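Engineer: Below you will find the structure I want to go over with you.
The values are calculated or read from the model by the stated rules, or taken from the named source; none is laboratory data. Fair warning: this is a prediction, and the values are worked out from it, not measured in the lab. The area values use the complete protein model at the heavy-atom level, side chains included, leaving out ligands, DNA and RNA. Shrake-Rupley method; radii C 1.70, N 1.55, O 1.52, S 1.80 Å.
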Amino acid sequence: LIGKPFQKLTFDNNDNGDGAGMSVDTVLDIVDSNKHLRKLEFWKNLIGNQIDTGHIERLCSAVHNHALVELDLYESFAPGVGDRMLASLLTIDGLKLEKLSLVANYITSAVSTVLADF
């Protein structure tokens with residue numbers, strides 16, 4: 001999938017618990033290699049294969065530098081990371097996202113100021 005020009009990429013339960021699933025880093029490598037990607041869906045990633053603080057910069061970079069206009073991250077974050085991800089996304093200059101969904105990602109009221117300013 002590296003370097004292939006597709007517009008939508010969906011990963012759903014990409015690790016079945018045996019360590020053989022596609023890692024978050026591999027998914028981000030695919031995203032980085034595709035400048036045509038418009039929609040990324042990342043759903044229900046299992047413990048140990050979730051987006052953590054080390055992935056935030058790469059994901060925000062993909063949102064900022066690509067044609068990505070839809071981002072759907074459902075149950076994808078390790079506990080405590082959802083707020084940081086949302087705050088990082090919403091402070092990107094020239095944010096192009098048309099749709100952002102962060103369902104069941106430990107988002108708390110701590111980011112309400114960032115949302116209000118957005």
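Engineer: When each pair of different Cα atoms in segment 56-118 is counted once in the 1/r mean, what is the Kirkwood radius in angstroms, to one decimal?
Structural biologist: 11.9
Engineer: Sticking with this one: Around residue 37, which amide H atoms from residues at least 5 apart in sequence, or from another chain, sit under 5 Å from its own amide H, with H modelled in the peptide plane?
Structural biologist: Amide H neighbours of residue 37, under 5 Å, 5+ apart: 67.
Engineer: Right, next: Just to confirm, what accessible area per residue do you get for the chain at 1.4 Å probe, in whole Å²?
Structural biologist: 53
Engineer: While we're on this one: Calculated from DSSP H runs of 4 or more alone, at -39500 (n - 2.57) each and per residue, what is the 222 nm mean residue ellipticity of the chain, nearest 500?
Structural biologist: -9000 deg cm²/dmol
Engineer: Lysine pairs in the chain with alpha-carbon atoms under 17 Å apart, 8 or more places apart or on different chains: how many are there?
Structural biologist: 9
Engineer: Same structure again: For the chain, what are the per-bin percents of Cα-Cα distances with bins 10 Å wide, up to the bin holding the maximum?
Structural biologist: In whole percents, the pair-distance histogram is 14, 48, 32, 6, 0.
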